[in-house]
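The next block holds one structure in the form of structure tokens; read it before the comments.
Quick note: the coordinates plus some simple rules give every number you see, no bench work behind them. Not measured: the values here are computed from a predicted model. Quick reminder, even Gly has a Cβ in these numbers, built from the backbone with ideal geometry, and neighbours come from all protein chains shown.
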Amino acid sequence: MLQRPLEPLDVQRDRLDYYRWLQTDESKEFGAVFTDQATGETHSYAAWAPTAFHAQEQLELDLPGYSLHHTIRRLLAQALKDRVLPLCGAKWVHNYIDRLQGARWSGAYGYSLKAGKAVMFWDDKAGLSRLCPDDAREEAQRLSRKVLDPLEALQADSHALHYGVLTSPNAAPGGLRREMVAICRRFRKSILKAKHADGSLVFPEIKGALCVLEAPLGSARDWNVHLNVIFVVKGYFDYEKLRRIWHWNLEIRKLAQGPGVVRGALSELIKYAVAATVAKSAQKADLESRDEGARPPPPPMLEWTGGELLEWLRAMRGFRRTRTYGCLFRLKKPKAEDLGQIVWLGRVDYRGGRYRLSSALLDSIPEDKSIGLSAAERWLALKKALGLAGIAGAGSLGESIPSHFKEIT
């Protein structure tokens, strides 16, 4: 029996994008309905206006950050084109540029009936977590979902968690990849696997570790290679012995127990690898300039030379920046969240230097659009206009309907 060939990924994406657009457009038709595939219930799109309104409100708070990240991708792509391509015209460099330039120009937001929350899908992503801040954030969230529960379970089971930053002397230009390999090997051999002459472990109390390497450019334009580590420890952890054996600079502290503590430590551990925003560097430079004796701040990626960009990109290609050891080694990947059926409510598009929202459902609300009200403002005006005397709940239309909105992910 012949099997039907798999549908190409680009065809799948185009087909799904079309269906999202079609449903979003259908929602504006007066009286239009959709069927909940899980329960068979029929819903009116009009009843989802409060959900679309709340989702749009929340998204508008996030849009300035998305717009900044879009600018970063564009400027990074231009930097690679202007500074790296003349030094290396390899196919992978062209690929990076194309992916950065084509990422996250448009998307759709909607509501997952199964998960009970609002979601957003981008039509295209760069897939470059070391260059795109949005991809980096999503990669951090995936890693956090993988290790958060095991770390909190270990902490509840009488293990202590210690957060440390382990450094080594900055690597000279041309020596980045070599130092990245060396510091990871040194951490494993001198800390995790180190043994006394009798064969006993030097640090038997260390039961596992989560390690993330960072390698930004330093203020002297050398490479600041260091490790951010969460140690899982059973028993007494001798900081002085750790400092003596590591030899180079080491900062470490014990994590408290309590809601959000481990999650906060993971956010710090898995942060964006290299600060790429000009704004951030400008703010830091302003603070540094107030202290005449202070060293100049490290240059952000957008200010690196072509040689520096190329060395960093080559060093990071194929390198495992995040590693787990001991009881954290080979943790099972968390199952992908089953969002089930999604009711698509609107679009987000990058136009005129910023992201703009549109909702066919909200745009269909009757109102004199010539006076310049936004869709959200027209929705509020409609609620006020329908506040008829003697009709219970009319004055708060939508507020009397349980809101479906929870969060955008």
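Each peptide in 203-215, 237-249, 62-74 gets a packing score, the mean of other Cβ atoms within 10 Å over its residues, and the list from highest to lowest is 203-215, 62-74, 237-249. Here the stretch 134-326 yields Rg over Rh of 0.98, to two decimals, using C-alpha coordinates and the Kirkwood radius. Overall, the stretch 134-326 carries a charge dipole of about 780 debye about its Cα centre when +1 sits on the Cβ of Lys and Arg and -1 on the Cβ of Asp and Glu, all other atoms neutral.
Do any of 91/335; 234/333; 125/335 go past 30 Å between their Cα atoms, and which? Violating the 30 Å limit, Cα to Cα: 91/335.
Going by Cα centres, the stretch 69-148 and the stretch 245-261 are how many Å apart? Centre-to-centre (Cα) distance: 31 Å.
Distance between the C-alpha centres of the stretch 178-220 and the stretch 293-347: 21 Å, rounded to the whole angstrom.
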